[in-house]
Amino acid sequence: MSKITYTHLRDICNVNQGLQISIDKRFKEAKENRYFYITVQFLKDSYLEKYYVENPTKSTICEEDDILVVRTGNTGQIITGIKGCFHNNFFKVNFDKNKLNSKFLYYCLTTKEKQYEMSKRAGITTIPDLNHFMFLDMQIPLQSKENQDSIVKILDSINSKIELNNRINKELESMAKTLYDYWFVQFDFPDENGKPYKSSGGKIFYNKELKREIPKGWEVKTLNELLINCSDSISNSNISEKDKYTPIDYLPMKKMSFGSYLDSKEAKTSLIKYKEYDILIGAMRVYFHRVCIAPFNGITRTTCLVLRAKNQNHLPYLFQLCNEDRTINIANKLSTGSQQPYVNWENNLEKYKVSFPNDINLVNNYSKKIDKLIKKVILNEKENQKLSELRDWLLPMLMNGQVRVK
């Protein structure tokens, strides 16, 4: 194995500062000579609107294989795989791509060691700022180009499998939601003859309580008739000494999805315990659309509702009910608070009224069909958990030459 040498970034790289564009000079439509404007807002989970910059200077344009570093706001975060014009909260790292594999540099900068170093170099101020000099003064373990390519191949293969699992899960989620919408929103569930109920002339009546039409004979129920609130707070003092020093599955809002693996291992104050197959709902307005089925036992923030199905066999149906557009819209309507609106269970959601089939077999049949999809999603997420842990274990050792590449 070739010898590992440590090289200052300034000896192999230089950087370009981004461009600050006032709001009145940003465009909402993509046209010729306009570039997507990459700002720190883009990195936020609540990011919705896209803006474009017209005819920016060449030095502020990045391609998908370029590397951007966040200077202020999420300081030290490394971005790649995006094309556009970047804000001056970022700088682009330039280097000879024939000598330095861009993915190798990306992986190197994302190691915990380098992330910590960038954080320290940015300083402990109100707004940490990683300046160009401090960044370029860092050293990285520089291996031969052949070794770099081999390391990238290994890490990319792990990430590719994780991405494949995510794509599969997204398709499975879509299938589950499509069937739910077809049966319980459009009311084209199979009638007694196996034909779509509403499309085949099934009777629909206006319900005064719900203020909308539902199939004949369907009941009105509240969420607390179907779900149990299990949002019991715990604090650091209630976490065992063992758990303080072992991985704790921690659920950050921005990673929540159908059965997402949530990989932070931090023990924070004001936490809630949850169990595998609980339904987790973000309780802050920006996260109402983040609903998931817990893939394992763990803890999450108190800004999350932990709900448990009273009939566990109906979990697939109840998950979709919580994830319905109507439920999310009512959560928005009932949320309170000026700066960061919240919704709670006792005073808000537990009394929310929903339509419920008079034939319980309809719920049973849907849940049986979707249960296999849910289990497949959770298996994929657990595999992603193991793959992520393997990648994070290998990453620093590959970079420092502790693991040999053959």
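The residues in segment 157-194 that are charged (D, E, K, R), over 15 Å from residue 384 (Cβ atoms) and surrounded by fewer than 14 Cβ atoms within 10 Å (Cβ to Cβ) can be counted, and the count is 2.
Taking every residue in segment 52-69 that is of a type in the set (S, T, N, Q) and pairing it with any residue that is part of a strand (DSSP E or B), at least 6 positions away or on another chain, the pairs with Cβ-Cβ distances below 7 Å are 59/16; 60/16; 60/85; 60/86.
Checking the structure you have, find out if any residue of segment 175-194 is within 30 Å of residue 91 (Cα to Cα), outside any helix (DSSP H, G or I), over 28 Å from the mean Cα position of the chain (by Cα) and not hydrophobic (A, V, I, L, M, F, W, C). If you could, list the steps in order and put the result at the bottom.
The first filter runs over segment 175-194 and keeps only residues within 30 Å of residue 91 (Cα to Cα), leaving none.
No, segment 175-194 contains no residue that is within 30 Å of residue 91 (Cα to Cα), outside any helix (DSSP H, G or I), over 28 Å from the mean Cα position of the chain (by Cα) and not hydrophobic (A, V, I, L, M, F, W, C).
Within segment 224-238, how many residues turn out to be under 26 Å from the mean Cα position of the chain (by Cα) and either modelled with pLDDT of 90 or more or crowded, with 16+ Cβ neighbours inside 10 Å (or both)?
Just the residues of segment 224-238 that are under 26 Å from the mean Cα position of the chain (by Cα), to begin with: 227-236.
Filter once more, keeping what is either modelled with pLDDT of 90 or more or crowded, with 16+ Cβ neighbours inside 10 Å (or both): 227-231.
Residues that pass the stated criteria total 5.
If you go through segment 116-156 and keep only what is of a type in the set (Gly, Ala, Ser), crowded, with 16+ Cβ neighbours inside 10 Å and farther than 30 Å from residue 380 by Cα, you end up with just 122. Selection of segment 8-26 for residues being of a type outside the set (A, V, I, L, M) and either surrounded by fewer than 15 Cβ atoms within 10 Å (Cβ to Cβ) or at pLDDT below 90 (or both) yields 8, 11, 14, 20, 22, 24, 25.
Please pick out the residue among 384, 358, 347 that is touching a residue at least 60 places away in the same chain (Cβ under 8 Å) and farther than 24 Å from residue 185 by Cβ.
Working: 358 fails: farther than 24 Å from residue 185 by Cβ; 347 fails: touching a residue at least 60 places away in the same chain (Cβ under 8 Å).
Result of the check over 384, 358, 347: 384.
Of the residues 75, 57, the single one that is among the polar types (S, T, N, Q), assigned by TED's automatic domain parsing to the domain that holds residue 25 and buried (at least 17 other Cβ atoms within 10 Å of the Cβ) is 75.
Within segment 45-66, identify whether any single residue is closer than 24 Å to residue 396 by Cα and out of contact with any strand residue (DSSP E or B) (no Cβ under 6 Å at 6 or more places or on another chain), and answer yes or no. Steps first, please.
Taking segment 45-66 as the starting set, the residues that turn out to be closer than 24 Å to residue 396 by Cα are 65-66.
Going one step further and asking which of them are out of contact with any strand residue (DSSP E or B) (no Cβ under 6 Å at 6 or more places or on another chain), we end up with 65.
Within segment 45-66, one or more residues are closer than 24 Å to residue 396 by Cα and out of contact with any strand residue (DSSP E or B) (no Cβ under 6 Å at 6 or more places or on another chain).
In segment 69-109, how many residues are assigned to a loop (DSSP other than H, G, I, E, B) and not basic (Lys, Arg)?
Narrowing segment 69-109 to residues assigned to a loop (DSSP other than H, G, I, E, B): 71-77, 81-83, 87-89, 96-101.
Add one more test, that the residue is not basic (Lys, Arg), and what stays is 72-77, 81-82, 87-89, 96, 98, 100-101.
Counting residues in segment 69-109 that are assigned to a loop (DSSP other than H, G, I, E, B) and not basic (Lys, Arg) gives 15.
All of (1) touching a residue at least 12 places away in the same chain (Cβ under 8 Å); (2) polar (S, T, N, Q); (3) farther than 22 Å from residue 277 by Cβ hold for residue 329 with one exception: (1).
Scanning segment 292-310 for residues that are at pLDDT 85 or above, of a type outside the set (A, V, I, L, M, F, W, C), surrounded by 18 or more Cβ atoms within 10 Å (Cβ to Cβ) and under 24 Å from residue 367 (Cα atoms) turns up nothing.
Give me the residue from segment 121-173 that is among the hydrophobic types (A, V, I, L, M, F, W, C) and not in a helix (DSSP H, G or I) and, out of that set, modelled with the lowest pLDDT.
Restricting attention to segment 121-173, the residues satisfying the condition of being among the hydrophobic types (A, V, I, L, M, F, W, C) are 122, 124, 127, 130, 133-136, 138, 140, 142, 151-152, 154-155, 158, 162, 164, 168, 172.
Imposing the further condition that a residue be not in a helix (DSSP H, G or I) reduces the set to 124, 127, 130, 138, 140, 142.
Numbers: 124: 65, 127: 79, 130: 91, 138: 95, 140: 93, 142: 89.
Ranking the qualifying residues of segment 121-173, first place goes to 124.
Please specify each residue of segment 368-406 satisfying the condition of being in a helix (DSSP H, G or I) and of a type in the set (S, T, N, Q). If the condition is that a residue be in a helix (DSSP H, G or I) and of a type in the set (S, T, N, Q), then 380, 384, 385, 388 are the ones that fit.
Results for (1) part of a strand (DSSP E or B); (2) more than 28 Å from residue 95 (Cβ to Cβ), shown as yes or no for each residue.
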{"position": "21", "(1), (2)": "no, no"}
{"position": "29", "(1), (2)": "no, yes"}
{"position": "49", "(1), (2)": "no, yes"}
{"position": "53", "(1), (2)": "yes, no"}
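The values are calculated or read from the model by the stated rules, or taken from the named source; none is laboratory data. Since the structure is predicted, the reported quantities are computational estimates derived from the model, not experimental observations. So basically every Cβ, Gly included, is an ideal-geometry build from the backbone, and we count neighbours across all protein chains shown.
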